[in-house]
Structure formats: C-alpha cells, structure tokens
Amino acid sequence: MLKLKNRGILNVFKISPQLRPFSSISQNFVKIVDVSPRDGLQNESTIVPTSVKLELIDRLTKANIPSIEITSFVSPKWVPQMADAKDILRFVSSKYEGNGTSYPILIPNTKGLERALETGIAIKEIAIFGAASEGFSKKNTNTSVNEGIRILKEVADLAHSNGIKVRGYLSTVIGCPYDGPTDPKKVADLSQRYLEEIGCYELSLGDTIGVGTVKTTEKMLMEVFKKVAPSKIAIHAHDTYGQGVANVLKAVEMGVRVVDASVGGLGGCPYAQGATGNVSTEDIVYSLHNSGYQTGIDLDFLSKTGEWISTTIGRSNGSRAGKAIASKL
Ligand code: HMG
Ligand code: MG
C-alpha cells in the first residue's frame, strides 16, 4: 500500500504523481467531497487557528481527496469560526493551483460571493445552500425557502457570469429540528428547482440533523429520482443517530456517485441544535473500498489525518474505521 509522508504545509507541491489525476473514473468510482474544513470546523466552540485549517486542507489533499470544501463566506457575525475565509482562499489558490483537486467555498448570498471575488482569485467552484423546511431556513439564513431560492439564483447568476461552477445544498431533506419530518415530494420539487431554475450542476441532499434511516433515505431518494437523475445528486449525511454509513450506502446502491463526508466525523451546524458531525470520511471510504467501489483515496493517510485533527483540536475521533486503521499503522 502506498504510504505518504507528511511533509508539512510548506511543501504542498510534492504530491505523489501516482495519486492523481482521478484517471479510472468508472461506474464503481464514488467521488468523495470532504467538507471538514468548513462543515467540520464551523461548529467548534473554540475557533480553530487558520494554520491548523491550512494543515488540515494540506493533509486531505495529500490523502487524494478529489474535492475539499475549504471555507465559507457567510457572515462572521453569524459564524465567527469562518471569519478567515479570505486567508484560506488565498493560501489554497496560490499553493494548489492546477493539482486536479477541487476546492469549493460555501456562499450564502451575493455579498458572500462579492467578498470572495474581491480577493481577485479566479474561483472555480462555489457551493450555495438552502433548506427544504421553513424553520431551518429562517434560523440558518434568516429567510423563507422561496425567498432563499431567489437569493441563491442571484448568486448563481453572478457566479456563472464569472465562469464559476455552482454546486447546491438542500438541507433538512429528512427532518427539521424545528418543523419535524420533511415531505419527500417537497424535496423532489425543490431539487428540480435547484438544478433547473437556479442552475446548480449538482445538488447535495443534506440530512442536516442525521435523523434518516435506510428506509427514509430510500423513500426520499425514490421521490427525487422521479424528477431528477441520480447523476445530478450527492448525499450529505450527518451521523447523529449512527445511521450515516448505512444511509450513504443505500444512496450509492440507488445510483448516487458523489458523497460528502468529514474526516474524523467532525462538525455540525450551529443552527441545527443537537446535530453532530458529518458521517466520517474514513468510515465511508472503508465501507466503499470493501463493497467493490473505488475512491482513489489513501485510507491509511486519511486515518492518520483524522487522528491528527482530533488530537489537535482536543476532541475524540468520531471515526470508528479511522481509529482502528490508525492504531495499526
Ligand atoms: P442577515 O442578518 O439576514 O443578513 O443574515 P443581512 O443581509 O440583513 O446583513 C446583515 C449584516 O451582515 C450586514 O452587515 C451585512 O453586510 C452582513 P452590517 O450592515 O450589519 O455591518 N452580511 C455579510 N457579511 C459577510 N459575509 C456575508 C454577509 N451577508 C450579510 N456573506 C446571512 C443573512 C445569510 C448573511 C446569515 O444568515 C448567515 O451568514 N448565515 C449562515 C449560517 C451558516 O453558515 N450556517 C452553516 C452553514 S449551512 C450548513 O451547515 C448545512 C450544510 O452543511 C448542508 C446540511 O448539512 O444540510 C451546507
Ligand atoms: Mg452539513
């Protein structure tokens, strides 16, 4: 098995050529989007230093994660943990240009995209976000579901006119911390609007509070696939009730080939009370690799990364597979 040596963030160009690009894209290839630098760290009670965030991004890059969501340009008054977004964007774009990895940033509104564009950096991809339930939409972005779509359409138009790809998130697709269970038909209608009306190239369906099970995930996806193709959909599972891996595997079995996850199971949303982190990237990769799927990811190095970030920020490692693998290295 290929072993990578951690060389620190100053040597980020020395990525093993064997690891990229992602040449063997096939039906069995599942693309992982690691959201830990954003979703993982946005909820930490102590603000994580920028240098630690950059080292995390560096280690994820060396683990050969194909897409890493690096930060968000939300209001620092709402989420102070992401106030260093411009510094993160500047560092990443200067150090990793052209290495084959995607580094999307999360954007809530036009002001957020304008802040990102002010850096003068040629941004390639953003992710926008809205919700399937009114309660969460109001708490998270101070807007209704419909008004949110209008705001996101404006952001997407500005992005497209700057040649930027737009990924979408739809939150609370199974249940909402304020409104209860979500109607799958509503998720299906909104999915179609995000893809066709707003113009997202892909939509990530978020079980924001991790209440989904295999059955409810299947029911929701069956409705969605009546309106949009599985190739347009990604799955974003939080692991509050320990159902994340099972739910993701169900989505993959149903044809989804893009999975969001977070190293060490980091994270949660500050406006979704009681929700824990995303399903861990190590657990997902372990499960996929042992179910006949490829991800191109170096699971040993990723497991060490999960141990490193958990120790560094003083929390327990939320990945069962990651802990087991790291203990044997
Ligand atoms: P608002 O208070 O309604 O905004 O918040 P506003 O337009 O009235 O502006 C108020 C002030 O904020 C003004 O400044 C604006 O300039 C400023 P002031 O005049 O008071 O000095 N402002 C901004 N500053 C910096 N960047 C911006 C920005 N926008 C306005 N982009 C807003 C609306 C959307 C800004 C706010 O609600 C917000 O930032 N929400 C983000 C919450 C968040 O980050 N949640 C976590 C991410 S979503 C998530 O985790 C779910 C996901 O993982 C999927 C899943 O799990 O389901 C994606
Ligand atoms: Mg999330």
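The values are calculated or read from the model by the stated rules, or taken from the named source; none is laboratory data. Quick caveat, the model's predicted, so the values are computed rather than measured. Glycine gets a Cβ as well: all are built from the backbone with ideal geometry, and neighbour counts include every protein chain shown. Calculation scope for accessible area: heavy atoms of the full protein, side chains included, ligands and nucleic acids excluded. Shrake-Rupley method; radii C 1.70, N 1.55, O 1.52, S 1.80 Å.
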Does any residue of region 233-242 turn out to be away from ligand 1 (no atom under 12 Å from the Cβ), open to solvent by less than 10 Å² (accessible area, probe 1.4 Å) and farther than 27 Å from THR61 by Cα? no
Being modelled with pLDDT of 95 or more, part of a loop (DSSP other than H, G, I, E, B) and within 16 Å of ligand 2 (Cβ to nearest atom) is the filter here, so list the residues in region 43-71 that pass it. GLU69, ILE70
If only one of ASN146, ASN140 is assigned to a helix (DSSP H, G or I), under 18 Å from the mean Cα position of the chain (by Cα) and either within 16 Å of ligand 2 (Cβ to nearest atom) or surrounded by fewer than 16 Cβ atoms within 10 Å (Cβ to Cβ) (or both), which one is it? ASN140
Quick one: in region 107-161, of everything that is under 20 Å from GLU97 (Cβ atoms) and β-branched (Val, Ile, Thr), which residue is farthest from ligand 1 (Cβ to nearest atom)? ILE121
Reported set for region 158-194 where residues are touching a Gly at 6+ places or on another chain (Cβ under 8 Å), in a helix (DSSP H, G or I) and open to solvent by 60 Å² or more (accessible area, probe 1.4 Å) is HIS160
Among the residues of region 201-216, count how many are within 16 Å of ligand 2 (Cβ to nearest atom) and either open to solvent by 60 Å² or more (accessible area, probe 1.4 Å) or under 22 Å from GLU125 (Cβ atoms) (or both). 6
Exactly one of SER102, SER72 is in contact with a Lys or Arg (Cβ under 9 Å, 6 or more places away or on another chain), open to solvent by less than 40 Å² (accessible area, probe 1.4 Å) and either within 15 Å of ligand 1 (Cβ to nearest atom) or hydrophobic (A, V, I, L, M, F, W, C) (or both), and that residue is SER72
Hits in region 217-229 (condition: in a helix (DSSP H, G or I) and either within 12 Å of ligand 1 (Cβ to nearest atom) or surrounded by fewer than 16 Cβ atoms within 10 Å (Cβ to Cβ) (or both)): LYS219, MET222
Any residue in region 148-167 that is without any contact (Cβ under 8 Å) to a residue 24 or more places away in the chain and farther than 18 Å from TYR201 by Cβ? yes
Test of understanding: among VAL248, VAL259, VAL279, VAL285, which residue is more than 16 Å from ligand 2 (Cβ to nearest atom), in contact with a helix residue (DSSP H, G or I) (Cβ under 8 Å, 6 or more places away or on another chain) and either closer than 30 Å to TRP308 by Cβ or without any contact (Cβ under 8 Å) to a residue 12 or more places away in the chain (or both)? VAL285
Could you tell me which residue of region 141-198 is farthest from ALA272 (Cα to Cα), considering only residues that are out of contact with any strand residue (DSSP E or B) (no Cβ under 9 Å at 6 or more places or on another chain) and hydrophobic (A, V, I, L, M, F, W, C)? LEU158
Name the one entry in GLN273, GLN294 that is over 29 Å from GLY135 (Cα atoms), open to solvent by 50 Å² or more (accessible area, probe 1.4 Å) and in contact (Cβ under 8 Å) with a residue 12 or more places away in the chain. GLN294
Anything in region 105-119 that is over 18 Å from ARG38 (Cβ atoms) and touching a Lys or Arg at 6+ places or on another chain (Cβ under 9 Å)? List them, or say none. GLU118
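Identify, from the list ASN290, ASN278, ASN247, the residue that is polar (S, T, N, Q) and more than 20 Å from ASN64 (Cα to Cα).
Answer to the selection: ASN247.
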Among the candidates ASP300, ASP260, which residue alone is within 17 Å of GLN42 (Cα to Cα) and not in a loop (DSSP other than H, G, I, E, B)? ASP260
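Working only within region 115-128, note down all residues that are open to solvent by 40 Å² or more (accessible area, probe 1.4 Å) and either touching a residue at least 40 places away in the same chain (Cβ under 8 Å) or within 21 Å of PRO66 (Cβ to Cβ) (or both).
Those that are open to solvent by 40 Å² or more (accessible area, probe 1.4 Å) and either touching a residue at least 40 places away in the same chain (Cβ under 8 Å) or within 21 Å of PRO66 (Cβ to Cβ) (or both): ARG115, LEU117, ALA122, LYS124.
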So, of the residues in region 243-259 that are open to solvent by 10 Å² or more (accessible area, probe 1.4 Å) and aliphatic (A, V, I, L, M), which turns out to be farthest from THR208 (Cα to Cα)? MET254
